[in-house]
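Shown next, in structure tokens, is the structure this report addresses.
The values are calculated or read from the model by the stated rules, or taken from the named source; none is laboratory data. Everything quoted here is computed from the prediction, not taken from an experiment. Glycine also receives a Cβ, built like all others from the backbone with ideal geometry; neighbour counts cover every protein chain displayed.
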Amino acid sequence: MNSGLSRHIQGIHLASDWANRVTEILLFIIGLNMALIIGAQVFSRYVLNHSLFWSDEVGRICLVWISFLGASAAYKRHAHIGVDFLVARLSYHLRIRFAVFGVLLSLLFFAVLVLYGIIFALFISGQKTAALGLPLSLTYSAIPLSGMLFSLHAVSHLCRLLGLREGSP
């Protein structure tokens, strides 16, 4: 493989690794904030007998972001569940072909996620949340962003499956 292609592939792997590190840090921050906000809501409601009007809304927004970002981080780590008892019985070369086909099919889905996520976020961009008046597109922009992360990780996986590694001859 020529050195230019090798540099690009190395860049893809580095970008995927870096994006996942940032994603996991964001997941920690969002999760911690969600736990603190919901904990404060429970304390306020049952101890102080006063409800925080905004906490449920913020909790839902955090949950959406955690779900989509968490799914992309799990994909990067190959942590999604899978049923592979049939594929595991195939020869090595057939398993690689099925894996490549699966990644290519996933990339198609991720492209749909990005495209329609952007369309939907733009569609609702004029709407606001009930309690805080935040743009609803803030919540739903997690969809195309996670689609982009999924795509980046999928291209990195595809390069590894095809034997296109950084520093390969």
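Points to keep in mind about this one:
- Only listed residue being among the small types (Gly, Ala, Ser), surrounded by 14 or more Cβ atoms within 10 Å (Cβ to Cβ) and over 21 Å from residue 158 (Cα atoms), chosen from 121, 71, 131: 121
- Which listed residue is in contact with a helix residue (DSSP H, G or I) (Cβ under 9 Å, 6 or more places away or on another chain), small (Gly, Ala, Ser), at pLDDT below 95 and surrounded by 13 or more Cβ atoms within 10 Å (Cβ to Cβ), from 111, 154, 99, 142: 99
- Residue match in region 124-142 (condition: over 30 Å from residue 55 (Cβ atoms), part of a loop (DSSP other than H, G, I, E, B), among the hydrophobic types (A, V, I, L, M, F, W, C) and in contact with a Phe, Trp or Tyr (Cβ under 8 Å, 6 or more places away or on another chain)): no
- Those residues of region 37-55 which are surrounded by 11 or more Cβ atoms within 10 Å (Cβ to Cβ), assigned to a helix (DSSP H, G or I) and not polar (S, T, N, Q), in sequence order: 37, 38, 39, 40, 42, 43, 45
- Identity of the residue in region 74-106, within 23 Å of residue 147 (Cα to Cα), in a helix (DSSP H, G or I) and free of Cβ contacts under 8 Å to residues at least 60 places away in the same chain, that ends up nearest to the chain's Cα centre (by Cα): 74
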